[in-house]
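Some notes on the structure that comes next.
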Amino acid sequence: MTSDEGRMTSRAGTGTTTNNWGLLGHEWAVDMLRQHILHDSARHAYLFVGPPGVGRRTLALRFAQALTCPAPAAPAIPCGACRTCKQIEAMQYADLTVIQAEKEGGVLKVEQVREVQHSLALKPYQGKYRVALFLRFQEANANAANALLKTLEEAPAHAILILTADTTEQLLPTIVSRCEILRLRPLPVEAVEAALKGRGSGDAQSRLLAHLSGGRPGAAFRMMGDPSALDFRNERLDDLQRLLSATRVEKFAFAEKLTNRKKEAEERFRDTLLIWLSFWRDVLVSASGSSAPLVNVDRAAQVESLAKQLGLAGARRMVETADKAVEQLEKNVNARLLAEVTLLDLPKSL
């Protein structure tokens, strides 16, 4: 069972999604879920897939509110102001269980799924349904995935399970086949930029955040609320520019600095690699002559200069190098050694 923006005819234009549950975009998904509620045909399991920050969790929580709100503003439209809606928004509602790995990039364990199995067997305390929300289920280990499969097969009528994941390919096909799939896609960058301006962000910052988010409103709003994230990005891109003309000794020193604290090293290094990967992809886009918009729009001059220096083949090699480094880090290779190799592979600034 699958639904996505390209396959489903949205009824958003007819007024059936009165306020779109307060979401930015994804009107077709809100309308579809509302129809399920209105016709008392909610599925026992849903899978919301899409890139992080696109709105998967927010849509899931709004769906839970719409299923449960005791005083809806209109049929299947939660009021958002009652105690139930506020508790669900805070993920502290008695009939809502949220299951996720301890940290992003961690592991969702079988014990967590088994705890949910016991709670789902109980009748709802307050509403009609018990809702179990499994966030980033691609992080589940094999035992947890198999335990969930058993839960999907034996879930009681009052239970609704909602899974979020980056892609369906990361999950067991047997789990995917038992869910109603909603594929959420990034919004036009212009729509995110307008929403940021509506929240008080300046023109230049709104444009930058919208492009950095790639049309993912959740990611854009998080960056807006956390200036330190932009500061970290700027520092790392400045570091990259310096490293292009650095000596081997300076590169080794930076590798040590980047990975010297064990508890923070892997996360800090991974974030750095992802920032650099985004930059090198822009260089590749520019070198290819593509009309695709840049992500790092505030670094357009640097991107264009490096694209001319490296050419298409050189830009592609840098993307492959950074991409491979991210992959290797996730396989728990030695961070210090990986940092040194990655820095030594940087092109010399011409």
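Worth pointing out:
- When shorter helices are ignored and each DSSP H run of at least 4 residues is given -39500 (n - 2.57), the per-residue value for the chain at 222 nm works out to -17000 deg cm²/dmol.
- Highest-first arrangement of 252-260, 162-170, where packing means the average Cβ count within 10 Å: 162-170, 252-260
- The slack in the chain from Leu274 to Ala191, taken as 0.36 nm per residue of separation less the alpha-carbon distance, amounts to 27.4 nm.
- Alpha carbon centroid spacing (whole Å) that separates the range 235-251 from the range 148-198: 40 Å
- Peptides 52-60, 336-344 ordered by packing proxy, namely the average of other Cβ atoms within 10 Å per residue, highest first: 52-60, 336-344.
- Computed FRET value (nearest 0.05) for Gln126 with Glu154, which takes r as the C-beta separation and R₀ as 30 Å: 0.80
- Under the convention that each Lys and Arg Cβ holds +1 and each Asp and Glu Cβ holds -1, the size of the dipole of the chain around its Cα centre is about 240 debye.
- Charge tally in the Cβ shell below 12 Å around Gly218, where Lys, Arg are +1 and Asp, Glu are -1, Gly218 excluded: +4
- 23 Å Cα-Cα reach of Lys308 towards lysines, excluding residues that sit fewer than 8 places from it in its own chain: Lys348
- FRET efficiency estimate (nearest 0.05) - Cβ-Cβ, Ala73 to His39, R0 30 angstrom: 0.95
- Within the shell defined by Cβ-Cβ distances under 11 Å, the residues around Tyr93 carry a net charge of +1, with Lys and Arg each +1 and Asp and Glu each -1.
- Calculated percent of Cα pairs over 37 Å apart (choose from [x] 28; [y] 20; [z] 15), label: [x]
- Relative to the current alpha-carbon distance between Ser288 and Leu23, full extension at 0.36 nm per residue lengthens the span by 91.8 nm.
- Using the average count of surrounding beta-carbon atoms within 10 Å as a protection proxy, the listed peptides 198-206, 175-183 rank, highest first, as 175-183, 198-206.
- Counting Lys and Arg as +1 and Asp and Glu as -1 over every other residue whose Cβ lies under 11 Å from the Cβ of Val319, the net charge comes to +1.
Bear in mind these aren't lab numbers, they're just calculated from the coordinates by the rules spelled out. Note that the structure is a prediction, hence the values are computed from the model and not measured. Note: ideal-geometry Cβ built from the backbone for every residue, glycine included; neighbour counts use all protein chains shown.
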